[in-house]
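Notes for the one structure printed next.
The values are calculated or read from the model by the stated rules, or taken from the named source; none is laboratory data. Fair warning: this is a prediction, and the values are worked out from it, not measured in the lab. Note that each Cβ is placed from the backbone with ideal geometry, even for glycine, and that neighbours are counted across all protein chains shown. The area values use the complete protein model at the heavy-atom level, side chains included, leaving out ligands, DNA and RNA. Shrake-Rupley method; radii C 1.70, N 1.55, O 1.52, S 1.80 Å.
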Amino acid sequence: MVEWTDSERAIINSIFSNLDYEEIGRKSLCRCLIVYPWTQRYFGAFGNLYNAETIMANPLIAAHGTKILHGLDRALKNMDDIKNTYAELSLLHSDKLHVDPDNFRLLADCLTVVIAAKMGTAFTVETQVAWQKFLSVVVSALGRQYH
Amino acid sequence: MLSKQEKELIIEIWTRLTPVADRIGAEALLRMFTSYPGTKTYFSHLDITPRSAHLLSHGQKIFLALAEGSKDIANLMTTLAPLQTYHAYQLRIQPSNFKLFSHCMIVTLACFMGDRFTPSLHAAMDKYLSAFSAVLGEKFR
């Protein structure tokens with residue numbers, strides 16, 4: 001089981017309570033598709049992904065980004081058992097969506113960068129550490145049921 | 001592969017931030033040491049506490065090397081030859097650490113630039129830092 005200090009819980013809760021899910025979700029997924037273009041392979045049915053501008057203007061991508069970010073709420077509400085919280089989602093990503101789990105790390109990195117850009121100097125070193133720890137637990141849980 | 005536009009973007013950023021080279025470099029290092037404590041093992045000979053003179057001077061050194069490399073990306077192998085030798089034969093840093101530093105440099109730039117750190121700039125910078133890391137690790141084996 002992952003151990004969380006009070007400080008880490010406070011930092012992560014604070015980030016989520018100030019989060020604009022639509023803005024950050026959209027920006028994070030767009031950034032992932034732009035910075036790591038091979039991730040576009042999973043979005044063939046999402047319409048025009050021709051270049052950075054079209055990706056950022058794509059409403060299906062925006063909606064999906066929001067959905068993904070809300071998916072993190074589950075981890076927030078179950079910080080002491082993230083592993084089991086995502087068992088089903090992990091199987092979905094493995095068996096139905098066939099997503100290479102290494103891509104979860106890339107999306108997590110993009111989310112971190114978007115939040116860092118939003119928070120500026122408030123995204124302190126300590127904030128980064130706690131936030132990255134949270135995301136790495138989520139990423140690990142999502143990759144766990146692959147077989 | 002970096003487009004002409006991306007190369008210009010990269011040069012512009014490094015040039016613009018040169019006046020705060022030590023702050024940016026030091027922050028990137030500090031973020032790396034704190035997020036990935038294993039990276040501290042290469043710095044037992046320096047005082048890497050926040051705002052220390054060593055951290056600022058080392059941060060500046062790294063920043064300026066990155067800035068210098070950006071001026072002629074096509075010739076990174078030539079520009080970085082002395083640093084390649086140094087990292088391979090003397091420092092012998094586990095090459096996967098270059099990726100960790102690159103990530104922390106990108107986070108630092110994001111905090112510093114906010115919205116101006118656009119997805120396109122992020123992509124260009126990520127590509128540049130990957131290329132730089134790859135060249136730096138060329139002589140390892």
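Take the residues of region A:92-112 that are more than 11 Å from the chain's Cα centre (by Cα) and part of a helix (DSSP H, G or I): which is nearest to the other protein chains (Cβ to nearest Cβ)? Among those that are more than 11 Å from the chain's Cα centre (by Cα) and part of a helix (DSSP H, G or I), it is A:Asp102. Only residues that are within 14 Å of another protein chain (Cβ to nearest Cβ), more than 28 Å from B:Met77 (Cβ to Cβ) and in a helix (DSSP H, G or I) were counted in region B:29-62, giving 9. For region A:1-52, name all the residues that are surrounded by 16 or more Cβ atoms within 10 Å (Cβ to Cβ), free of Cβ contacts under 8 Å to residues at least 24 places away in the same chain and out of contact with any Leu (no Cβ under 8 Å at 6 or more places or on another chain). The answer is A:Ile34, A:Ala52.
For B:Ala110, state whether it is among the hydrophobic types (A, V, I, L, M, F, W, C), at the interface with chain A (Cβ under 10 Å from one of its Cβ atoms) and part of a helix (DSSP H, G or I). Criteria met by B:Ala110.
Looking at B:Ala65, B:Ala88, B:Ala21, B:Ala26, just one residue is hydrophobic (A, V, I, L, M, F, W, C) and either at pLDDT below 95 or not in a helix (DSSP H, G or I) (or both), and that residue is B:Ala88. When the test is whether a residue is small (Gly, Ala, Ser), within 14 Å of another protein chain (Cβ to nearest Cβ) and crowded, with 17+ Cβ neighbours inside 10 Å, A:Ala117 passes it. Can you say whether B:Ala134 is open to solvent by 10 Å² or more (accessible area, probe 1.4 Å), small (Gly, Ala, Ser) and either away from every other protein chain (no Cβ under 11 Å) or touching a Phe, Trp or Tyr at 6+ places or on another chain (Cβ under 8 Å) (or both), as far as the supplied structure shows? Yes; evaluated as a whole, the condition is true for this residue.
From B:Ser52, B:Ser44, grab the single residue that is open to solvent by less than 30 Å² (accessible area, probe 1.4 Å) and of a type outside the set (A, V, I, L, M). Spell out how you get there, then give the answer.
Numbers: B:Ser44 fails: open to solvent by less than 30 Å² (accessible area, probe 1.4 Å).
One residue alone meets the criteria, B:Ser52.
Take A:Arg74 and tell me if it is within 14 Å of chain B (Cβ to nearest Cβ), assigned to a helix (DSSP H, G or I) and surrounded by fewer than 19 Cβ atoms within 10 Å (Cβ to Cβ). Answer is no for this residue. Cβ-Cβ below 6 Å, separation at least six or inter-chain, first residue in region A:56-67 and closer than 20 Å to A:Leu19 by Cα and within 14 Å of chain B (Cβ to nearest Cβ), second open to solvent by 20 Å² or more (accessible area, probe 1.4 Å) and modelled with pLDDT of 95 or more: which pairs? Between residues of region A:56-67 that are closer than 20 Å to A:Leu19 by Cα and within 14 Å of chain B (Cβ to nearest Cβ) and residues that are open to solvent by 20 Å² or more (accessible area, probe 1.4 Å) and modelled with pLDDT of 95 or more, the close pairs are A:Ile61/A:Phe46; A:Ala62/A:Arg26; A:Gly65/A:Arg26.
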